[in-house]
Structures are given as C-alpha cells and as structure tokens.
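Reviewing the structure listed below.
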Amino acid sequence: MSKINDKIYDVFIAGGGINGVGVARDAAGRGYSVCLCEMNDFASGTSSSSTKLIHGGLRYLEHYKFRLVQESLKEREILLNMAPHIIWPMRFILPHTKGMRPRWFLRLGLAIYDHLGYRKILPGTSNVNLASQKTNSPLKDTFKSGFEYSDCWVDDSRLVILNAVDAASKGASLRNYTKVTNATSSNGLWTISTKNSLNGKVEIVKAKAFVNASGPWVDEVLKESFKFKDSKNVRLVRGSHIIVNKLYEGDKSYICQNKDGRIFFIIPYEDNFTLIGTTDIDHGKSADQVKISEQEKSYICESASSYLKQEITTNDIVWSYSGVRPLYDDGASKAQEATRDYVVSAKEYDYSLMINIFGGKITTYRRLSETIIEHIENFLGKRGKPWTEHSRLPGGDIKVASLSEFEAKLKNKYSFFTNELIRRLARSYGEISFDIFGDADSLDALGDNFGGGLYEAEVQYLINNEWARSSDDILFRRSKLGLILSETEIENLNLFLKKNNTKSQSSENIVPSENKEVLKA
C-alpha cells in the first residue's frame, strides 16, 4: 500500500550525485522546499568514479572549449575556499619529450590556462628540470624537462555527501535507496511514485517542479517514469582507473600524453597508494553494468610503464574502479572529443516544470546548480539571492591557515589518536571531527574498533548524520578504508550494522557495486 505524503514540495529532484545534491543545497538555502530521492547510495555512480580533480581541463583547450575551461577554472578556487578540508591544491608535472605535442604549444596552452584561471591562491606554471630530479622522480631518465602547473584534488564522494548534509540542514528531505518509479503531471503538480529498496515502502510525493539529475540514468528515467519512448540525450563514456601500491614519495602528480594522444594522470592516493587513469571509451552497455575491462587494465598499465621507471602490470593492481560519464550527445566522432559541458532543458507540462540535466563535470556542479535555480525562479518566483559562492561546506570552516595546523588542533584535543587517524579525520570531516568524538578522552570511549582507525563513534555518526546503511557506504564512499581493512574486519562491521537494523552485505561482497573491485593480498 502506498503512503501519500501530504506535503507539496516546490522542487523534487531525482538523483543523488553531485548535480542533484548541489541543486538541493542551493534551492533549500534560498527557501524552496525540496525533496530528493536517489535509487542507490549518494555518490554511488559517476560522482565517486572520477579522477578526483577540481580542474579546468587543460586538454579541452585543444578543442577550443574556452568558455568551459574558464568557468571551470573560476570554480576551482571558489570550491577550494568552500571546502578546504576535502579539496586542496596539487601541483602537476607535465613531462615533455620528442614525439609529443610541441614544447611551444604546451607552454602556450599553459599560459592560456593560467590567464583564464582567476588565480588568487594557486601558483602559476613554471618550467621544471627533470634531469636534476632523477633520484626523487618516478619518471624514466629519458624525460629531462617539462612544466609544472596547479589544479586541485577533491575527495569526490565526500563532496557529494557534504552537499547533502548541508542541504538537509537547510530543510531539504533527502532519501537514498529510493527510486522514482513513475511521474505524471496534472493541474500544476507532479505526482511522483517512489520505492525504497531497503524496506520496500512505496510513497507518493507531489511537487511543483521536477529536476531530473539522474546522470547516466537520465534517459532511463525519461523512458520508464515519464514514458518518453525515444529519449536519447546522453552518450555514456566509460572512464576506468587503477590503484597500485605507492610508487613514489612526495605529493606531486603527473599528467602524461599517451601515444594515441589521450591524456592520463598518475596521482598520489590515500597516502599509501597511487592512482592511474583514466580511459575514455564508449560504454556501449547499460549504466548498471559498469566494470573495468581487461583491455583497459592492460592499456593503463602499458601507458604508465612508458613513463615510469617501475614497470606496472595488471598483477600490481590492488583496486580498480570504473564509472560512466553521461556526456551530452553532441555527435562527436570520438568519446574523448564529446563535450564535457552541461546542457539544461527546462519545459512546462500542464503548468508544472520539468528540468533535465545532460552532461556536466564535477568542477562546475555549483555553477550548474545556479543555472537550475534560475529556471526554478522563473517558474515559482524568486525566494532568495545566490549564496553558495561565498559559503562553506560542513566542516570547512577550519579557522586555521592550513590543514597541517588543523591537524595540530585535532591532536591537541585527541592526543590518543594516531597521526594516521588525525590526518584522515582532518581530510574527511574538518571541524565536524569535534562533533563526532566530542569530549572522548580515550580510545575506549569510542566503542568498537573495526580496524584502520574506524571506531563505533564514527560509524554511528555516519549512520545518524550521513545516511550510511551498509559497509559499502562507509568504506568506499564516506571513506576509502575498504582499501586497507581485512575481510574479517569488514565482516565485523557488517555484523554491527545488522544489529543496528541497517542494510549490510556479506564479506564476500565487500565492494560498493559491480564497477568496483578489490584484490586483497
């Protein structure tokens, strides 16, 4: 039997990726009533499968996407200020050798990149002498020179979660594991049927505006819930990454050009690992069936080995992940040439508003949200001024000059925490860390220890405040502790979650979905 929600929302949002929660946060902050439903966990799709960069997209300059690059670079420092605990500056080395794009061409591109960048915090491009760094560099000795420039790193899934947390604090109703099954419009209202996959409950929700922010499933929602038979707006392009054990010391990353002209990155990851990727190929399958292929694994390993002193083989892979980018189908002949820009379609049906979001990238989610709100304002009337540009995400108001200073502040309060735990907490929660652990004065006060510095106090916080329902939610989206916890430790966490009446998975399925795989030593 369906439950009918008597409340009529201003805005209903389908999709709990970065675009959906970004719209929910902005709308709720302006005074609109908001309901958001995500069929899986927040950030379980494309938004947790990126290369984890806030960047302008240096390579987009080759395709003359100057407006997209400029908007992305402007957003780069806005987001850095908004969430300095989960976003931080990173320097990238672009090595050069014969056979690559000409040196003058790269320098020109980087000069344009710096000029478009609205930089107030990040340093600009400089030349780098790789020959003088042979001892510390992971690159082959054949690479003797290059360039060094700035972009930013982001914990992509936590960016989604923190936007959701802030949206909820402003009154939005957010529900994960809740799928839209049908939507009809009549007399100025959308009537939306939803079903919760955890408890089977069906609910009817009414709203004045419907925002389809379902990413790779945007066409599927239009076909299944709205009965639009011939909906084909997005091109699913798969990007895959591999994780190997730490290859080098230091915090710099490398951007490399493959022989086929594609770009890939080599990036320090979670202190003890190195991330390498991505691929860029047409997916050709359902968005529900995303998994790295053996060909992609080999391609990434061969690409990396052409640059690194240490040869990388598929046997070195300790984790891999894949996601599909829902790129707007602009008819580009190659996957890597398809636009990364977003396209917004807004139409009225029976005096109710429907907005579809096609494409986009994580760097521009805040600006996209403002675009969506402009359409909502035109339909429902203006409620408040734009506000997110100078806002902070939860935990981001760390009140010190650097993360290292904030770590010292945490250590002063919780002297019994290990340095590894302090570092993780600072880069996941920022000021929220003090809410999680309160006045705890010993490890015993934190409850059960699940391994890797994960204690019951944190797990309970994630259940109560961040919608965590399974070990997957905790270990791969709200953290990356699944990389280091043993199967026994994960099973203990599963048992704890079952006792707390939350959804859990067996230790045989310890990864968030089919597109993530872990190889335990």
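The values are calculated or read from the model by the stated rules, or taken from the named source; none is laboratory data. Just so we're clear, the structure is a prediction, and the values are computed from it rather than from any experiment. Reconstructed Cβ throughout: ideal geometry from the backbone, glycine too, with neighbour counts over all protein chains shown. Please note that ligands, DNA and RNA were not included when accessible areas were found on the heavy atoms of the full protein model with its side chains. Shrake-Rupley method; radii C 1.70, N 1.55, O 1.52, S 1.80 Å.
In region 369-385, the residues that are under 13 Å from residue 34 (Cα atoms) and open to solvent by less than 90 Å² (accessible area, probe 1.4 Å) never reach a residue that is polar (S, T, N, Q) and outside any loop (DSSP other than H, G, I, E, B) with C-beta atoms less than 6 angstrom apart, at least six apart or across chains. Exactly one residue out of 184, 191 is open to solvent by 20 Å² or more (accessible area, probe 1.4 Å) and free of Cβ contacts under 8 Å to residues at least 12 places away in the same chain, and it is 184. Of all residues in region 440-450, those satisfying the criterion of being free of Cβ contacts under 8 Å to residues at least 40 places away in the same chain and open to solvent by less than 20 Å² (accessible area, probe 1.4 Å) are 440, 446.
Residue-by-condition table, conditions (1) free of Cβ contacts under 8 Å to residues at least 60 places away in the same chain; (2) open to solvent by less than 50 Å² (accessible area, probe 1.4 Å):
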site	(1), (2)
402	yes, yes
406	no, yes
417	yes, yes
437	yes, yes
464	yes, no
472	no, yes
483	no, yes
499	yes, no
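Output the residues belonging to region 125-174 that are small (Gly, Ala, Ser) and open to solvent by 20 Å² or more (accessible area, probe 1.4 Å). Those that are small (Gly, Ala, Ser) and open to solvent by 20 Å² or more (accessible area, probe 1.4 Å): 126, 131, 132, 145, 168, 169, 171, 173. Of the numbered criteria (1) touching a Gly at 6+ places or on another chain (Cβ under 9 Å); (2) outside any helix (DSSP H, G or I); (3) surrounded by fewer than 19 Cβ atoms within 10 Å (Cβ to Cβ), the one residue 36 fails is (3). For residue 118, indicate whether it is open to solvent by 20 Å² or more (accessible area, probe 1.4 Å), of a type in the set (Ser, Thr, Tyr) and either under 21 Å from residue 361 (Cβ atoms) or in a strand (DSSP E or B) (or both). Yes: the conditions hold for residue 118.
Enumerate the strands (runs of 3 or more DSSP E) found wholly within region 222-288, keeping only those where 2 or more residues are closer than 24 Å to residue 341 by Cβ. The strands (runs of 3 or more DSSP E) meeting that bar are 234-245, 253-257, 263-269. Of all residues in region 41-60, none satisfies being open to solvent by less than 10 Å² (accessible area, probe 1.4 Å), touching a Cys at 6+ places or on another chain (Cβ under 9 Å) and under 25 Å from residue 175 (Cα atoms). Scan region 159-188 for residues that are outside any loop (DSSP other than H, G, I, E, B), touching a Ser or Thr at 6+ places or on another chain (Cβ under 6 Å) and either farther than 30 Å from residue 430 by Cβ or not aliphatic (A, V, I, L, M) (or both) and the total you get is 7.
Each row is one residue, and each column tells you yes or no for (1) in contact with a Leu (Cβ under 7 Å, 6 or more places away or on another chain); (2) farther than 24 Å from residue 250 by Cβ; (3) basic (Lys, Arg).
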| position | (1), (2), (3) |
| --- | --- |
| 63 | no, yes, no |
| 76 | no, no, yes |
| 91 | no, no, yes |
| 120 | no, yes, yes |
| 132 | no, no, no |
| 135 | no, no, no |
| 138 | yes, no, no |
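Among the residues of region 61-94, those identified as among the acidic types (Asp, Glu) and open to solvent by 10 Å² or more (accessible area, probe 1.4 Å) are 62, 71, 77. Of the residues that make up region 475-485, is at least one in a helix (DSSP H, G or I), touching a Ser or Thr at 6+ places or on another chain (Cβ under 7 Å) and not hydrophobic (A, V, I, L, M, F, W, C)? Within region 475-485 (the criterion being in a helix (DSSP H, G or I), touching a Ser or Thr at 6+ places or on another chain (Cβ under 7 Å) and not hydrophobic (A, V, I, L, M, F, W, C)), the answer is yes, since at least one residue qualifies.
Restricting region 451-460 to residues that are open to solvent by 30 Å² or more (accessible area, probe 1.4 Å) and part of a helix (DSSP H, G or I), which is nearest to residue 161 (Cα to Cα)? Looking at the filtered set, the residue picked out is 460.
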